[in-house]
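Read-outs throughout are calculated quantities, based only on the coordinates presented, and are distinct from any laboratory measurement. What you are looking at is a predicted structure, and each value in this text was computed from that prediction instead of being measured. As a convention, Cβ positions derive from the backbone with ideal geometry for all residues, glycine included, and neighbour counts pool all protein chains shown.
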Amino acid sequence: MGRGNPPEFPGVVLVRYGELFLKSEPVKRQFTGALLRNMGAAMESEGLVYTCEVHRGRILVHGPDPGRIAAVLSRVFGVVEVAVAVLTPPDPEEIAKAALGLAAERLSPGMTFAVRARRQGVEGITSQELGAITGSRIYDAIGGLRVNLDSPDYEVFVELREFGGLVYDHPVPAPGGLPWGTQGPVISLLSSGIDSPVASWLMMKRGCIVEHLHFDGGAFAGSDVLSMALRHHATLSGWCRGYPFILNVCDAEFFYRELVDKVPPRYRCVLCKRFMFRVGSLLAEQRGALALVTGDNLGQVASQTLPNMAAISGAAGRVPVLRPLIANDKNDTITMARKIGTFRQERQGDLGCRAVPGMPATKTTSDELERLEKRLGMDDLVAGALSRCRQVTARNGEIAEDGNGQGSTLQG
């Protein structure tokens with residue numbers, strides 16, 4: 001395992017990174033180093049043998065199981081695309097020969113095809129000429145084909161670079177973004193719903209180390225709420241393979257009892273959210289996290305109207321609040337949740353909240369909420385919640401340890 005000179009393995013995995021390429025040289029080196037570490041951690045978590053070569057805009061990963069390597073690396077942040085490729089000498093004729101070898105397995109008379117060609121760092125030939133040479137070799141060898149550049153039945157990709165030629169026909173899209181860990185830690189509020197895990201994933205995609213915070217409502221939460229939050233957490237840990245993924249579970253049943261007993265029902269949702277923000281901001285300061293993340297979406301529910309969000313945000317104090325889903329349509333969020341694996345079509349179970357009032361307030365102010373918080377004794381409730389937290393660790397798509405250090409088999 002590790003990086004070094006490539007051995008004679010039967011295939012190579014082409015890893016394409018995008019946004020990193022636009023950074024200044026010192027930042028690019030830093031980010032590429034982080035990307036290589038994350039790729040290595042992900043592959044080693046699967047017991048894969050590999051070596052890496054770094055080139056301009058491309059990383060080549062050599063190993064005896066290129067298919068599995070490609071599958072693992074397609075879920076690494078910072079990677080734009082992966083493909084199992086044939087590596088040839090930097091010779092257009094050798095590239096065309098390799099492309100014909102792939103195409104002959106996929107094409108038959110009557111089908112349409114296209115060659116997508118790139119060239120970098122090699123003089124004396126253009127990308128168009130490389131594509132023409134490759135296309136002619138395929139067209140002449142397999143009868144009855146037609147070229148269709150818009151919607152072909154089959155595409156083959158060829159690249160001519162100073163280190164060699166690359167030929168592949170099944171590129172797999174990867175998440176892109178920035179490498180995990182390059183933007184620092186955040187605390188992300190995690191519920192059993194659709195939105196909050198997507199918000200976490202988006203911050204992970206932008207390079208943040210996410211630490212989750214979930215409030216266990218006990219008798220006030222549906223019977224499946226905690227297990228669903230744990231499932232979300234386990235699923236998201238599969239997107240930072242090789243690293244521990246931390247979830248803080250705070251016992252909040254005592255808070256809901258006080259909330260239901262002492263304040264008018266219409267204010268419960270907003271005060272609940274302020275409670276979560278206050279606990280989350282203090283946890284962020286304890287952990288050295290730089291921001292608080294939430295799955296809020298403007299106007300989606302009563303606590304997410306613009307006046308209420310303004311009144312709630314002040315509870316975070318000096319910790320900035322990030323809302324990556326603020327302008328999303330719900331269908332867009334559901335589409336993304338399906339993509340990342342946190343949305344399941346089957347019935348989700350009992351995920352309700354017993355404290356939700358029939359007519360929640362949609363327009364509140366900080367002043368009136370602070371008066372109600374004094375009645376509640378909010379400072380003591382926040383301190384009590386922080387003292388009632390346990391940590392759950394997920395690794396590689398499953399819960400590894402619960403708050404007592406015991407293993408679990410729950411998978412995302």
- Given 0.36 nm per residue, what is the gain on full extension from Arg266 to Leu306 after removing their alpha carbon distance, in nm? 12.7 nm
- Message: Full-extension gain between Ile125 and Asp251, please, as 0.36 nm times their residue separation minus the C-alpha to C-alpha distance.
- Response: 38.8 nm
- Any idea what the relative contact order of the stretch 272-375 is, in percent, if you count C-alpha pairs under 8 Å spaced at least 6 apart? 31 percent
- Packing-wise, with mean Cβ within 10 Å as the measure, how do 42-48, 117-123 rank, highest first? 42-48, 117-123
- Between Lys363 and Arg29, what FRET efficiency comes out of the Förster formula 1/(1 + (r/R0)^6) with R0 = 51 Å and r the beta carbon distance, rounded to 0.05? 0.50
- Could you work out which residue, out of Phe215, Phe277, Phe163, moves most in a Gaussian network model of the chain, that is, has the largest mean-square fluctuation with Cα springs under 10 Å? Phe163
- Tally of Lys pairs whose C-alpha atoms are under 19 Å apart, taken over the stretch 184-401, 8 or more apart or cross-chain: 6
- For the stretch 315-378, run through the GluC sites (Glu not before Pro) and keep only the ones in DSSP coil with at most 16 other Cβ atoms within 10 Å of their Cβ. Glu346
- Label-point gap, in nm, between Arg287 and Asp332 - each point 7 angstrom along Cα→Cβ: 2.7 nm
- DSSP-loop GluC sites (Glu not before Pro) across the stretch 151-225, with at most 13 other Cβ within 10 angstrom: Glu162
- Query: Between the helical axis of 253-262 and the dominant principal axis of the chain, each derived from Cα atoms, what acute angle in degrees is found, rounded to the nearest 10?
  - Reply: 50 degrees
- Over all alpha-carbon pairs of the stretch 82-165, lay out the pair-distance distribution in 5 Å bins, whole %, shortest bin first. 3, 16, 29, 25, 16, 9, 2, 0
- Message: With angles folded into 0 to 90 degrees, how steeply does helix 330-340 sit against the dominant principal axis of the chain? Use alpha carbons for both and round to 10.
- Response: 60 degrees
- Relative contact order of the stretch 192-299 (C-alpha contacts under 8 Å, at least 6 apart) in percent is 37 percent
- Please give the contour-minus-distance gain from Phe21 to Ser151: 0.36 nm per residue of separation, less the Cα-Cα distance, rounded to one decimal in nm. 43.9 nm
- Message: Can you list residues from other chains, or at least 5 along the same chain, whose modelled amide H is less than 5 Å from the amide H of Asp216?
- Response: Cys250, Asp251, Ala252
- Residue with peak Gaussian network fluctuation, the chain [Cα springs, cutoff 10 Å], from Arg75, Arg266, Arg206: Arg266
- Label Glu162 and Glu105 with points 7 Å out from Cα along Cα→Cβ: what is the distance between them in nm? 3.2 nm
- Message: For the chain, what does the relative contact order come out to in percent, with C-alpha contacts under 8 Å and a separation of six or more?
- Response: 16 percent
